[in-house]
Amino acid sequence: MMILEHEVPHNSQLAFAKSARLKRVVENLCVEEFYKEGFEEIITPTFVYGQHQKSFLDRDVIRISSESNNQISLRNDSTLEVARIITRRLGRTTKQKKWFYIQPVFSYPTTELNQIGVEYLEQDRLDYMLDLSIKLFKKFHISPILQVTNARIALLCTKHEGLDIGLFERQDVAALMKSPLMKDLIEINDKESLKSYLPKAPEFLKDELASLLELTKNLEYEKVVFSLLLLAPVDYYKGAFFRMFLGNSFFCSGGVCSIDDLVTCGFGIYTDGVVHYLLKHKVSL
């Protein structure tokens with residue numbers, strides 16, 4: 001029987017030489033910008049009490065038991081940890097609201113995902129987060145598609161139109177297109193089409209659609225698309241959120257978060273996806 005002494009578990013991350021150097025350059029570019037913007041760094045524990053984490057819709061928490069038989073998990077969500085540590089543990093010792101982190105998250109069985117993220121506590125400033133993320137990707141020489149939506153739109157449609165939420169979870173476009181309203185919403189993909197549709201939008205959607213126009217009105221970026229029927233990837237995104245990608249390369253996601261009684265906003269850059277893209281397309285930084 002062969003012993004795989006040097007095998008790397010599936011979806012674990014290995015970087016060396018050029019990829020490791022590029023990863024460090026990407027991180028340093030971000031850190032430089034974050035300090036300019038008044039952010040401070042936080043490094044949260046890799047191990048956390050299980051009840052402090054919430055599962056992503058597409059992730060499983062890695063759980064172990066402590067010596068006193070308490071449920072412990074590997075960190076699978078930095079946003080939750082940053083928000084709760086600052087407000088519950090450090091709240092009396094710092095008034096700082098702008099934080100960044102550079103650390104991995106983990107999911108079952110052996111997935112490791114390196115992230116560079118920021119959180120702006122007690123702020124609903126997603127326009128600022130959009131501008132900051134665009135600025136960083138210009139430094140990376142990557143021009144991804146910026147996909148913007150509002151998590152409440154799909155939920156309101158299920159409530160008012162009697163549609164099965166499973167259609168939205170599966171993104172079953174063929175089934176959704178059978179509804180005239182869903183067909184209209186699916187066909188909206190840019191500012192102009194959203195502006196022209198807004199006057200005839202049903203009353204229960206007007207505020208949410210208008211909020212997207214307001215969010216992006218001053219955004220100086222050409223590759224903005226609206227995808228109005230997406231559900232939030234995490235349960236603490238209650239309103240607007242965004243994603244950045246090119247083809248099958250997924251780079252970044254962010255939004256306005258509601259965690260316990262705290263409102264915050266931020267984003268996470270998926271470092272491994274950025275580095276892989278830069279290496280594949282031979283982009284030098």
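The values are calculated or read from the model by the stated rules, or taken from the named source; none is laboratory data. Keep in mind that what you see is a predicted model, and the values were worked out from it rather than measured. Counting neighbours? That spans all protein chains shown, and the Cβs are built from the backbone with ideal geometry, glycine included. Only protein heavy atoms, including side chains, enter the accessible area calculation; ligands, DNA and RNA are left aside. Shrake-Rupley method; radii C 1.70, N 1.55, O 1.52, S 1.80 Å.
Details
- Residues that are within 21 Å of PHE100 (Cα to Cα), modelled with pLDDT of 75 or more and part of a loop (DSSP other than H, G, I, E, B) within the range 43-82 comprise ILE43, THR44, PRO45, THR46, ARG75, ASN76, ASP77, listed in sequence order.
- Taking the listed residues CYS265, CYS257, CYS252, the one that is closer than 21 Å to PHE168 by Cα and assigned to a strand (DSSP E or B) is CYS257, with no other qualifying.
- Search result, residues across the range 160-177 that are of a type in the set (D, E, K, R) and exposed (fewer than 11 other Cβ atoms within 10 Å of the Cβ): none
Yes/no per residue for (1) over 19 Å from GLY255 (Cα atoms); (2) more than 20 Å from the chain's Cα centre (by Cα); (3) surrounded by 18 or more Cβ atoms within 10 Å (Cβ to Cβ):
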{"site": "LEU22", "(1), (2), (3)": "yes, yes, yes"}
{"site": "VAL25", "(1), (2), (3)": "yes, yes, no"}
{"site": "ILE64", "(1), (2), (3)": "yes, yes, no"}
{"site": "SER107", "(1), (2), (3)": "yes, no, yes"}
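- Single unsatisfied condition, ARG125 versus (1) closer than 26 Å to VAL224 by Cα; (2) open to solvent by less than 40 Å² (accessible area, probe 1.4 Å); (3) of a type in the set (Lys, Arg): (2)
- Residue within the range 109-120 that is in contact (Cβ under 8 Å) with a residue 40 or more places away in the chain, more than 19 Å from PHE267 (Cβ to Cβ) and of a type in the set (Ser, Thr, Tyr) present: yes
- Within the range 268-285, the set of residues being of a type outside the set (Val, Ile, Thr) and either open to solvent by less than 70 Å² (accessible area, probe 1.4 Å) or assigned to a strand (DSSP E or B) (or both) comprises GLY268, TYR270, ASP272, GLY273, TYR277, LEU278, LEU279.
- Looking only at the range 209-223, and only at residues there that are in contact with a Ser or Thr (Cβ under 9 Å, 6 or more places away or on another chain) and farther than 17 Å from ILE186 by Cβ, the one that is surrounded by the fewest Cβ atoms within 10 Å (Cβ to Cβ): GLU222
- One residue from LEU262, LEU228 being surrounded by fewer than 19 Cβ atoms within 10 Å (Cβ to Cβ) and within 18 Å of the chain's Cα centre (by Cα): LEU262
- Hits in the range 191-208 - residues which are open to solvent by less than 60 Å² (accessible area, probe 1.4 Å) and either closer than 17 Å to LEU231 by Cα or not hydroxyl-bearing (Ser, Thr, Tyr) (or both): LYS191, LEU194, LEU198, ALA201, PRO202, PHE204, LEU205, LYS206, GLU208
- Within the range 1-25, residues that are part of a loop (DSSP other than H, G, I, E, B) sit with their Cβ atoms under 7 Å from residues that are surrounded by fewer than 13 Cβ atoms within 10 Å (Cβ to Cβ) and modelled with pLDDT of 80 or more, at 6+ positions apart or across chains, in these pairs: PRO9/THR110; HIS10/THR110; ASN11/THR110; SER12/THR110; LEU14/VAL8.
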